[in-house]
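Encoded as structure tokens, the structure appears first; notes follow it.
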């Protein structure tokens, strides 16, 4: 940046109270620990990441041995300054702001040393958005306490506003929303700048479009992950609060759909009131206050939640998820036709997690593949994820039925080349699940029905057509009701990889995975998951007429699959 005449930012900026600002973080719970790391010359970037050793000085060109882009992005977001500032608000120790200024000066000097077209690691959508919020927060805290080069800070903020404004830098996902939040903040703080109105109007327009683009009509965030639903929902909540304090709003229609987004977690949360690890999510310990036990289906988002309330002890209720389809490719796995299951207070079958975002990493490649999910797939093959528009016809939930006896959901995946794949999942309340899979192919293939066992679930016995497991003191049995070729059990294999999940960033957890296989052209699987010691229902299947009959002590049902 070119040098300027000294400026008085008290005249150039609209001064905001620290409590009224958009900030990088809304909680300071971890800031004390992170500041302690920094006193030892160590940089904490994000949960699950390695702590970086910068005792000899900050290396702004640092490259991690894996996940290089992710580490660079968070390093240049200047989150460490955000944590220092948060800790200052709790302790009022001015040295925390002094350390923040040292880091900020170092970063600006490095930025100024680069050519006009700096590396993407520094000026990505995510890092620029986070950095601008943090720099403004730092300035508001320190302006009357430290001697600042106000010309340098002003130029830095204006440079960020210009970057965030340009559509060529804008991303049509949650990173774009981060950019708009930051640009709204800058436009209000830089109210005296000649372009502030343009910045504000552009950001308001884009973020409103983004909200209706990224949340379904039922309020589900469309980036295929409970973690991202939670994060982006909170982006919008904090943005609307900030706008209201500045006599602005995204409108009543926005508020109504945001309420749906908030209520989504009441259905999505498992009976232990924790959010499930679906798609690019990690294992979560967050407990939600309210829990609804009604079913939920959103074909636009490609998710269904099936539930049965245990009235004696709601924590022991049964909960299933079913994924098929998508409204966005962001954070999408090849997980269509997959399910997860929670029963008797425990996870039984689990999803794969995320590991990292490096598409060239072998663990990431496995984690997002069909082979890592509780689905029906074809040995040695995967499928392409087309545009969300094309997915509406090719990968989608096709039917949903619910009554007092059973819940039924159907889906199809037509994106395997030259094949059609169908799944019907029937939840026989409260303790049995039937899965019917059909794969149609002109050529001989090997179909695989996969089951990821939750951590701690033990396999007791493997028979010709069944597997018996133990989850705590409870037994679960998988029984094939049609002829199959083989049942194989895989145990955590990090070399291949196979039978591993990622419960937190860049970390693997070994599990067991059951594979039921069959070879041929037109394949059918009919599998019963029996939970507990309940009496087995009588199940008969007429393959010629594709008719399933289910008989229990009290009811008899006939279904066309």
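Each value in this text was obtained by applying a stated rule to the coordinates, not by laboratory testing. Just so you know, these numbers come straight off a predicted model, no measurement behind them. Cβ coordinates were reconstructed from backbone atoms using ideal geometry, including for glycine residues, and neighbour counts include every protein chain displayed.
Observations, loosely collected:
- Counted residue by residue at 0.36 nm each, then reduced by the alpha carbon distance between them, the extension gain from residue 486 to residue 191 reaches 99.3 nm.
- FRET efficiency for residue 205 and residue 357, using Cβ-Cβ distance with R0 set to 30 Å, rounded to 0.05: 0.55
- Peptides 448-455, 363-370, 206-213 ranked from most to least packed by the mean count of surrounding Cβ atoms within 10 Å: 448-455, 363-370, 206-213.
- Placing pseudo-labels 7 Å out from each Cα toward the beta carbon at residue 312 and residue 473 gives an inter-label distance of 1.3 nm.
- Inter-part distance where the range 137-214 and the range 12-33 are each reduced to a Cα centre, Å: 15 Å
- Principal-axis analysis of the Cα atoms of the chain puts helix 196-214 at an angle of about 10° to the longest axis.
- Only helical runs count toward this figure. For the chain, summing -39,500 (n - 2.57) over DSSP H runs of n ≥ 4 and dividing by all residues gives -10000 deg cm²/dmol at 222 nm.
- Shape of the range 379-491, Cα gyration tensor, a/c cut at 1.5: oblate
- Relative packing of 303-309, 544-550, 221-227, which averages over residues the other C-beta atoms within 10 Å, highest first: 221-227, 303-309, 544-550
- Nearest-ten-degree value, helix 125-142 long axis tilted from longest Cα axis of the chain: 50 degrees
- Peptides 73-83, 484-494 ranked from most to least packed, by the mean per-residue count of other Cβ atoms within 10 Å: 73-83, 484-494.
- The range 9-174 has equivalent-ellipsoid semi-axes of 22, 21, 15 Å, by the square roots of 5 times the alpha carbon gyration tensor eigenvalues, sorted largest first.
- Whole-angstrom gap from the range 67-128 to the range 374-431, using each part's C-alpha centre: 44 Å
- Cα-based shape type of the range 85-238, given that a ≥ b ≥ c are square roots of the gyration tensor eigenvalues and the cut on a/c is 1.5: prolate
- Between the Cα long axis of helix 252-268 and the first principal axis of the chain there is an angle of about 50°, rounded to the nearest 10.
- Prolate/oblate/rounded label for the range 284-560 (Cα gyration tensor, a/c 1.5): rounded
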